[in-house]
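Chemist: Let me begin by handing over the structure; questions about it come next.
The values are calculated or read from the model by the stated rules, or taken from the named source; none is laboratory data. It should be emphasised that the depicted structure is a prediction, and the values quoted were computed from it without experimental measurement. Every residue, glycine among them, receives a Cβ derived from its backbone with ideal geometry; neighbour counts consider all protein chains shown. The protein model used for the area step is the full one, side chains on, heavy atoms only, and it has no ligands, DNA or RNA in it. Shrake-Rupley method; radii C 1.70, N 1.55, O 1.52, S 1.80 Å.
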Amino acid sequence: RASVSMIDTQARLRALVVHCLNTPLGLHSSACFYADKLVTLSGGKPQDVYLLAQAYFVSKQYRRALMVLKQDDMHERELQFKYLAARCLAECKDWEECLGMLGDGNDVDSLSSALYDSKAEAELGQAV
């Protein structure tokens, strides 16, 4: 019974983070706070880590977002993580590392797919 409650709590926290990110009221610092708690409760599930990184990015905390994305080398395994990490580096004007992160361009189709998936997730999140 306790695990069902924990799963429900995590789902509610995810919805709250998405709401904070998508609201025009600018609740980005709240999104960071709740996303951080969510990562702790979920044991660092990749989807929650990515949500935390998004919250940091939207809050213009690019270095923190980058640190989260590079944790456990997730940016090496997941294209969404790599793309957001590159965006963080671009915002920090660290062009060399940004280009290095994106690689030689062989991942263009995969990266386009990841971008499309990110956009679809954002639109889905707005519908929640």
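Chemist: How much accessible surface does His75 have with a 1.4 Å probe, in Å² rounded to 10?
Modeler: 20 Å²
Chemist: Hey, another quick one. Give me the dipole magnitude in Debye, nearest 20, for the stretch 1-74 about the Cα centre, with unit charges on the beta carbon: positive for Lys and Arg, negative for Asp and Glu.
Modeler: 120 debye
Chemist: Using all alpha carbons of the stretch 1-95, what is the percent of pairwise distances in each 5 Å bin, ordered from the shortest bin to the longest?
Modeler: 3, 15, 24, 22, 19, 10, 5, 1, 1, 0
Chemist: Related question: Between Thr9 and Met67, what length comes free when the chain is fully extended (0.36 nm per residue of separation minus the Cα-Cα distance, one decimal in nm)?
Modeler: Extra length from Thr9 to Met67 when fully extended: 18.3 nm.
Chemist: List, in order, the whole-Hz ³J(HN,Hα) value for each residue of the stretch 21-29 obtained from phi through the Karplus relation with A = 6.51, B = -1.76, C = 1.60 and θ = phi - 60°; use x for Gly and Pro.
Modeler: For the stretch 21-29, the Karplus curve yields 6, 9, 6, x, 7, x, 8, 5, 5 Hz.
Chemist: Could you tell me the relative contact order of the stretch 3-98? Use alpha-carbon pairs under 8 Å, at least six residues apart, and round to a whole percent.
Modeler: So the answer I get is 18 percent.
Chemist: Which value, in Å² rounded to 10, gives the accessible area of Tyr34 with a 1.4 Å probe and all protein chains present?
Modeler: Estimated to the nearest 10 Å², Tyr34 gives 70 Å².
Chemist: Follow-up question, since we're still on this one. Working out 0.36 nm times the residue gap between Trp95 and Lys60, then minus their Cα-Cα distance, what length gain in nm do you get to one decimal?
Modeler: 10.9 nm
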